[in-house]
Amino acid sequence: MRLLVLTSNALRHKFVANTLARHADDTLVVSECQPSDEDRRGAGLSPRLQAHFRLRQETEQAWFTGHETFLSATLPILYRDVNLPSTCRVVEAFRPDLCVVFGASLIRLSLLSRLPAGRTVNLHLGLSPYARGSGTNFWPFVDGELEYVGATLLHLDEGVDTGPIIAHVRPGIRAGDTVHTAGCRVIAASAEALRREVRLVRTGQRLPQVPQWPVTNGRYYRDADFTEEVLARYLRHLEQEVVGRFLSRPETPLRLISLPLEEAEIPERRLEVSPS
């Protein structure tokens, strides 16, 4: 089975690509090379913002160590060059049986039309249709709605996290969690869920397709929404035991699509670094 991974170049992206590559016969990674969060947001970041991004990097290093490089054939490209004709030609020549998109820029029709129909999966770190866009596992900590922390496996379309749902992934919140530890747990569980999708394709099965349903409280987040003030609210909520309060109250029911296979246990790894 030939696997194509359209992704970026952070440690989390390499972890997911390497995890899936072990279960494919041939893998091609197309990696958009992006600067770090700190570099992308420019010089002059406040100490609080610097600490936030540094803690994210350190937490990912604790969870995903050993995946500092891609282990498969890799085409490195510039950020937002994924839709160029040169990239499209490489993808078309590879003839993938399954494509996984995680952390790449928006895929346009020129490339989407060359990807395997019904077997192009977008890993969205957030629960669609409730939350779309960027940073969707950060905002539940800001809003005190940790039931919305998770991921969605979607069939890729031309929209932003709008395709039919394959399954939701929600490994749960643990005492002492921050957005970084919870986020890494979601990524680890999502890699396991995607591995099962690889197995379905290998055995000739169709991936589930559940159209997204309308919700009254759907939210769309942009990078520009993340500000110093919002980060201060997040840190204040951690100090006010937002996680403990969430764990002590009855669970809020949400309509979610379960994985077609039994959920796996994700080993707990925790980095002891102050979030402030």
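The values are calculated or read from the model by the stated rules, or taken from the named source; none is laboratory data. Remember, it's a predicted structure, so these values are computed and weren't measured experimentally. Please note: Cβ atoms are built from the backbone with ideal geometry, for glycine as well, and neighbour counts cover all protein chains shown.
One table, with the values for the structure above:
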read-out: Residues of region 196-210 satisfying the condition of being of a type outside the set (Asp, Glu) and out of contact with any Gly (no Cβ under 9 Å at 6 or more places or on another chain); value: 196, 198, 199, 200, 201, 202, 203, 204, 205, 208, 210
read-out: Identity of the residue in region 213-224, out of contact with any Pro (no Cβ under 7 Å at 6 or more places or on another chain) and either surrounded by 11 or more Cβ atoms within 10 Å (Cβ to Cβ) or among the acidic types (Asp, Glu) (or both), that ends up farthest from residue 257 (Cα to Cα); value: 223
read-out: Test result for residue 48, of a type in the set (D, E, K, R), touching a helix residue (DSSP H, G or I) at 6+ places or on another chain (Cβ under 7 Å) and exposed (fewer than 15 other Cβ atoms within 10 Å of the Cβ); value: yes
read-out: Residue in region 77-94 that is nearest to residue 5 (Cα to Cα), counting only those that are in contact with a Leu (Cβ under 8 Å, 6 or more places away or on another chain) and not in a helix (DSSP H, G or I); value: 82
read-out: Complete set of residues in region 14-43 that are over 22 Å from residue 200 (Cα atoms), modelled with pLDDT of 95 or more and part of a helix (DSSP H, G or I); value: 14
read-out: Residue in region 132-152 that is under 20 Å from residue 16 (Cα atoms), assigned to a strand (DSSP E or B), at pLDDT 95 or above and in contact with a strand residue (DSSP E or B) (Cβ under 9 Å, 6 or more places away or on another chain) present; value: yes
read-out: Cross-chain or 6+ apart pairs with Cβ under 6 Å, region 239-261 first and surrounded by 13 or more Cβ atoms within 10 Å (Cβ to Cβ), then among the aromatic types (Phe, Trp, Tyr); value: none
read-out: Residue identified as over 22 Å from residue 258 (Cα atoms) and among the β-branched types (Val, Ile, Thr) among 227, 203; value: 227
read-out: Test for residue 175: is it at pLDDT 95 or above, under 20 Å from residue 235 (Cα atoms), surrounded by fewer than 17 Cβ atoms within 10 Å (Cβ to Cβ) and hydrophobic (A, V, I, L, M, F, W, C); value: yes
read-out: Residue 159, sole failed condition from (1) modelled with pLDDT under 95; (2) touching a strand residue (DSSP E or B) at 6+ places or on another chain (Cβ under 7 Å); value: (2)
read-out: Count - residues of region 167-216 that are farther than 21 Å from residue 241 by Cα, touching a residue at least 60 places away in the same chain (Cβ under 8 Å) and over 13 Å from the mean Cα position of the chain (by Cα); value: 16
read-out: Options 273, 243, 230: the member that is touching an Asp or Glu at 6+ places or on another chain (Cβ under 9 Å), at pLDDT 95 or above and either within 27 Å of residue 53 (Cβ to Cβ) or in a loop (DSSP other than H, G, I, E, B) (or both); value: 243
read-out: Options 144, 135: the member that is in contact (Cβ under 8 Å) with a residue 60 or more places away in the chain, surrounded by fewer than 20 Cβ atoms within 10 Å (Cβ to Cβ), closer than 20 Å to residue 223 by Cβ and of a type in the set (Gly, Ala, Ser); value: 135
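Conditions (1) over 25 Å from residue 152 (Cα atoms); (2) surrounded by fewer than 20 Cβ atoms within 10 Å (Cβ to Cβ), marked per residue:
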position	(1), (2)
28	no, no
57	no, yes
60	no, no
85	yes, yes
112	no, yes
116	no, yes
